[in-house]
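Below is one structure, written out as structure tokens; the observations come after it.
The values are calculated or read from the model by the stated rules, or taken from the named source; none is laboratory data. As the structure is a prediction and not an experimental result, all values here were calculated from the model. Cβ atoms come from the backbone with ideal geometry, glycine included; neighbour counts cover every protein chain shown.
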């Protein structure tokens, strides 16, 4: 994904090396083989140009010429539309709307738990881990009949689920035997070349 040394890419991604939101954007870049300059961001020492570009001082932040995007969902959909092959969202409006609703649920129900899981309040940590574990168990059977999330083709929903599934052991979450379909699904994603390319060194160490 890194640009050739003799030319700077038009597109730049400010990305945190341990952030699942940044990770899912890097997965989309890799899946689409998009050349981008990926700048690793230290949350305690943000680059001055990022502060100037993004008043929220958040990551991931994507810069494409004069366009600056802050939200990871918006960034992923923009990349899918800007580089339409391979498509990572359905073409027809009904299926696209359903995919967006599922992405909304993933963000609200699961990504919304990560701050608590990584927090210091032990009661909230336990509660959030249980909610995430129960949610993943609940949808596990979805993956019995399909290679990916209700589809035979990799999509933005899969790119969004992958960073959470990759971090489960790091979160101290172990799924029971009845959740085997979702773990087999996770392995199918982890075996993709693009997923391997998307990983930062810190993220690679999570699997050790």
Does residue 197 meet the test of being closer than 16 Å to residue 106 by Cα and outside any loop (DSSP other than H, G, I, E, B)? no
Of the residues in the stretch 166-185, those that are crowded, with 18+ Cβ neighbours inside 10 Å and in contact with a helix residue (DSSP H, G or I) (Cβ under 6 Å, 6 or more places away or on another chain) come to 171, 179, 182, 185
Using the structure shown, decide if residue 118 is modelled with pLDDT of 90 or more and closer than 18 Å to residue 140 by Cα. no
Quick one: residue 145 ticks every box in (1) at pLDDT below 95; (2) more than 26 Å from residue 90 (Cβ to Cβ) except a single one, so which number is it? (2)
Test: residue 112 is farther than 21 Å from residue 26 by Cα and either at pLDDT below 90 or surrounded by fewer than 17 Cβ atoms within 10 Å (Cβ to Cβ) (or both): no
Going through 18, 40, 71 one at a time, which residue ends up being surrounded by 13 or more Cβ atoms within 10 Å (Cβ to Cβ), under 18 Å from the mean Cα position of the chain (by Cα) and more than 25 Å from residue 136 (Cβ to Cβ)? 40
How many of the residues in the stretch 96-147 are free of Cβ contacts under 8 Å to residues at least 12 places away in the same chain and part of a helix (DSSP H, G or I)? 19
